[in-house]
Amino acid sequence: MYSALARRGRVPPALLHAAQTTPHAPVHWDPEFEGVDLSDYKFSIGSGKEEQIPHDTTDILPLTVAEAVSAWLVREAQRTKSAKGAAVRHGKAVSKALLSWVAFDLLQAHKKTPPGPWLRKLIFLQLGLTPPSPKDIARYVAREQAAHLIAENKHIRSATVAAQVKVDPSNVSRWRKSKQFQDLVKDYAGLLDKPRSRPKRLIKKPGK
């Protein structure tokens, strides 16, 4: 599949080769800080097989081989999406099936760490979904944390919750009126009230 991608895509062969052997190797870019149009850059691939903790945004250059390949394939996926079927048949665009295969292969390389932002973006594009923005993620996390706090103490003031989850108190007040949020609080409360099962005794007492 990588050989098919090399023939049809625009990903540098060195990256495609490294993706199959050392997908977590670091990538160094020159120049280092001028944007994210990868075609304007020279790069070198470092040594190393250990998984790296991913960065959180596609606003910076990819830091590993897998992320660099994903960044290039994001452009290919966008090109494929806008191209007609004939463009794929004539080799002017990469097929969605091929992009999906490579994305899955890169995802399989992650055993200890989550995929980076470029691979996540590629997967979202393949699924036809819109990636959540950092603001959406922060809002989701704050809402979950607020529900957990209220489940622990249903009399806690909204201002106190807001200060702990770092949102405006009006947000917490609005959430508390929502049936969906109330159900979320009940779910957390049920988990907190659920008695912990005692471990079975593995060693019998003497004489028993």
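The values are calculated or read from the model by the stated rules, or taken from the named source; none is laboratory data. Model, not experiment: these values are computed from the prediction. Cβ placement follows ideal geometry from the backbone for every residue including glycine, while neighbour counts extend to all protein chains displayed.
Worth pointing out:
- Applying the condition of being of a type in the set (V, I, T) and surrounded by fewer than 12 Cβ atoms within 10 Å (Cβ to Cβ) to region 45-67 and asking which residue is modelled with the highest pLDDT yields T57.
- Count - residues of region 97-153 that are surrounded by 15 or more Cβ atoms within 10 Å (Cβ to Cβ), more than 27 Å from E51 (Cβ to Cβ) and of a type in the set (D, E): 0
- For region 1-25, a residue qualifies if it is farther than 14 Å from W72 by Cβ and either surrounded by fewer than 18 Cβ atoms within 10 Å (Cβ to Cβ) or modelled with pLDDT under 80 (or both), and the qualifying residues are M1, S3, A4, R7, Q20, T21.
- Condition met for L122 (assigned by TED's automatic domain parsing to the domain that holds V69 and not β-branched (V, I, T)): yes
- Search result, residues across region 68-95 that are of a type outside the set (S, T, N, Q), in a helix (DSSP H, G or I) and modelled with pLDDT under 85: R79, K81, G85, A86, A87, V88, R89
- Check on I156, outside any helix (DSSP H, G or I), assigned by TED's automatic domain parsing to the domain that holds K186 and among the aliphatic types (A, V, I, L, M): yes
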